[in-house]
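The values are calculated or read from the model by the stated rules, or taken from the named source; none is laboratory data. Remember, predicted model here, so these are calculated numbers, not experimental data. Virtual Cβ from ideal backbone geometry, glycine too; neighbours counted across all protein chains shown.
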Amino acid sequence: MFSKSLPSTRAKNIYIFSGECIDIHGDSFAAHQKKIGKIKTAWNKARERAGLGEWVGEGDARKFEPNFRWHDFRHTFASWHAMSGTPLEVLQKLGGWSDMRMVMKYAHLSPSYIAQFTNNAKPFKTAESAMA
């Protein structure tokens with residue numbers, strides 16, 4: 001088996017290619033794994049402290065099961081922008097979405113936000129009804 005890989009014109013991505021590789025800063029894959037582990041530990045502790053999940057099991061088998069993912073922040077970002085009046089075309093650029101369908105998938109409107117528009121429709125007045 002070869003101990004060296006063939007040279008590539010593409011940059012190495014340590015998150016896709018496993019094994020011994022060195023990134024542009026000289027860090028090994030193992031060093032990155034350690035950094036990622038620290039980030040995951042901090043993220044899990046933050047979710048636990050914020051109550052974003054529930055405790056399940058009993059005794060030594062008891063563990064915290066989070067119900068909030070990092071990716072959920074994209075939904076929050078898009079929803080808050082949409083409800084604050086950011087035009088959807090601008091939101092599409094801000095979120096880096098390729099088409100409007102993706103913007104609509106991420107931007108959720110809260111029931112209270114929708115409710116404020118309930119009485120916006122007014123009866124249409126025609127010229128005849130205005131004269132009466």
Some residue of segment 40-52 being out of contact with any helix residue (DSSP H, G or I) (no Cβ under 6 Å at 6 or more places or on another chain), assigned to a loop (DSSP other than H, G, I, E, B) and aromatic (Phe, Trp, Tyr): no
Residue match in segment 66-78 (condition: closer than 30 Å to residue 39 by Cα, hydrophobic (A, V, I, L, M, F, W, C) and assigned to a loop (DSSP other than H, G, I, E, B)): yes
Some residue of segment 76-87 being surrounded by fewer than 13 Cβ atoms within 10 Å (Cβ to Cβ) and over 22 Å from residue 105 (Cα atoms): no
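Conditions (1) on the phi > 0 side of the Ramachandran plot; (2) touching a residue at least 12 places away in the same chain (Cβ under 8 Å); (3) small (Gly, Ala, Ser); (4) outside any helix (DSSP H, G or I), marked per residue:
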{"residue": "81", "(1), (2), (3), (4)": "no, yes, no, no"}
{"residue": "91", "(1), (2), (3), (4)": "no, yes, no, no"}
{"residue": "103", "(1), (2), (3), (4)": "no, yes, no, no"}
{"residue": "108", "(1), (2), (3), (4)": "no, yes, no, yes"}
{"residue": "119", "(1), (2), (3), (4)": "no, no, no, yes"}
So residue 63, is it modelled with pLDDT under 75 and either of a type outside the set (A, V, I, L, M, F, W, C) or under 30 Å from residue 117 (Cα atoms) (or both): no
